[in-house]
Amino acid sequence: SHTMSEYARMTDTERDQIDQDAQIFMRTCADAIHQLRAEAHKGVQSAQVKEHRTAVLDFIEDYLKRVCKLYSEQRAIRVKHVVDKKRL
């Protein structure tokens, strides 16, 4: 309940700013992963090292996708609350 009382004190402008910052951060992370993937195998001879780097990047990319999904679900709940308020 303590968290909800703090959440209720946030303005819509603050929430919008957090949403915008989160989207920028997620895009930046996705771009960084893409860049790492492009550079991961340069100069590497060992197949084992290549396979390891690919697996690590796959894991990181999957984790980012799960975080983005959670963010989208939370944002959808927020939008639903706003729509419900306007209907009342």
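If you take the residues of the range 9-29 that are part of a helix (DSSP H, G or I) and open to solvent by less than 60 Å² (accessible area, probe 1.4 Å), which of them is farthest from residue 79 (Cα to Cα)? If we take residues in the range 9-29 being part of a helix (DSSP H, G or I) and open to solvent by less than 60 Å² (accessible area, probe 1.4 Å), then 29 is farthest from residue 79 (Cα to Cα).
Residue 61 - would you say it is of a type in the set (Asp, Glu) and modelled with pLDDT of 95 or more? For residue 61, the condition - of a type in the set (Asp, Glu) and modelled with pLDDT of 95 or more - is met. Scanning the range 30-74 for residues that are under 15 Å from the mean Cα position of the chain (by Cα) and either outside any helix (DSSP H, G or I) or touching a residue at least 24 places away in the same chain (Cβ under 8 Å) (or both) yields a total of 8.
The values are calculated or read from the model by the stated rules, or taken from the named source; none is laboratory data. This one's a predicted model, so the numbers in the text were calculated from it and none came from an experiment. Cβ: placed from backbone, ideal geometry, glycine included. Neighbour counts: every protein chain shown. The area values use the complete protein model at the heavy-atom level, side chains included, leaving out ligands, DNA and RNA. Shrake-Rupley method; radii C 1.70, N 1.55, O 1.52, S 1.80 Å.
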